[in-house]
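Nothing in this text is a laboratory measurement; each read-out follows from the coordinates by a stated rule. Since this is a predicted model, take the numbers as computed values, not measurements. With ideal geometry, Cβ positions are generated from the backbone for all residues, glycine too; neighbour counts draw on all protein chains shown.
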Amino acid sequence: MRTDKLAIGFGKTVAVVVILAWSLFPIAFIVMSSFKPGQDIFAVPPKFVFSPTFQHYVELWNGWGVFFDGLLNSTIITAGATVLAITTSTAAGYVYSRYSSRMLDASVMFLIIVRLIPPIVVTLPLFPIINAVGLNDTHIVLMVLYATFFVSLGTVLMRTFIDQIPRELDEAAQIDGAGRLTILRRVIVPLAAPGILAVAVFVVVFAWNEFLFAFIFTATRAKTAPLVISEMIGSIDGVDWGVLFAASTVQLIPVLLFVIFMNRYLVAGLTAGATKG
């Protein structure tokens, strides 16, 4: 029996190591290559020992100022989309948690179905509408699209968290004269903070890395970092892989640090309601 347990434990360890290697190798390759001299990036056999250089980052700064404009746009759009998605999801989650009707119960399934629709399906119908209202190539259009794309998931997630908050707290606040908005702001939001932060992680990762909506609905003023990186790949002067990997590393670091910092809240969000009952 002990031998069987050791074998199972060893098998799980090997599986975890393989998955981590498979997931982390591309990231490690990009980061390492951004510090390699150009001739060593694709050397055969690969060079794991090399003299680090910041030349690619200097060239990125000097030759691709538009990339840093894209980073600023990505930051503005991601922050706006996150605030909008959190606000909407929390309010909707509160309604779904505290009220019950046939229409509300049926709409939960609708939220899940909407979340499964591929983004490309809605982009073509939206393009002429967005042009008509003059929102093309603006920050606000991407904020709204990114937030909308995650409101369904965020609502279901927030409903699960708010379900775990005793209704007696709402009733006690009502006795003290608090209205629904006050209860939501002063009672529900503080207690559902882990859920709000979990929703924030999902939205930030999606909005920071999203390419399709940015490609279709922006051109110059609201161009995001992923869009600029794609232009580096299609440069008429050829691909400068060192600069491309440097840009990818710079674009990766903020969201990677954010996810690492918020990891425990993300786990809480993924396991919300698992122990309820």
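Taken about its Cα centre, the stretch 63-270 carries a charge dipole of about 480 debye when Lys and Arg each add +1 at the Cβ and Asp and Glu each add -1 at the Cβ. Span-like helix criteria (full DSSP H runs; alpha carbon extent of at least 27 Å along the helix axis; mean Kyte-Doolittle hydropathy of at least 1.6) are satisfied in the chain by 241-261. Its DSSP H runs of at least 4 residues, each contributing -39,500 (n - 2.57), put the calculated 222 nm mean residue ellipticity of the chain at -24000 deg cm²/dmol, to the nearest 500.
For the stretch 59-111, count all C-alpha to C-alpha pairs, find those more than 18 Å apart, and express that count as a whole percent of the total. Cα-Cα pairs in the stretch 59-111 separated by more than 18 Å: 56 percent. Computed over Cα pairs, the Kirkwood radius of the chain leads via Stokes-Einstein (1.567 mPa s, 4 °C) to a diffusion coefficient of 59 µm² per second. Relative contact order, whole percent, for the chain stands at 31, derived from Cα pairs under 8 Å and 6 or more residues apart. When the Gaussian network model of the chain links Cα atoms closer than 10 Å, the mean-square fluctuations of Asn131, Asn73, Asn209 top out at Asn131. Per-peptide packing, taken as the mean over residues of other Cβ atoms within 10 Å, places 81-90, 166-175 in the sequence 81-90, 166-175 from highest down. Evaluating kT/(6 pi eta Rh) at 10 °C and 1.306 mPa s, with the Kirkwood radius of the stretch 106-194 over Cα pairs in the Stokes-Einstein relation, gives 100 µm² s⁻¹. Say we join alpha carbon atoms closer than 10 Å with springs in a Gaussian network model of the chain; which of Ile120, Ile183, Ile19 then has the biggest fluctuation? Comparing Ile120, Ile183, Ile19 in the GNM, the peak value goes to Ile19. Compute the whole-percent fraction of alpha carbon pairs in the stretch 7-124 spaced more than 18 Å apart. Distances greater than 18 Å cover 77 percent of the Cα pairs.
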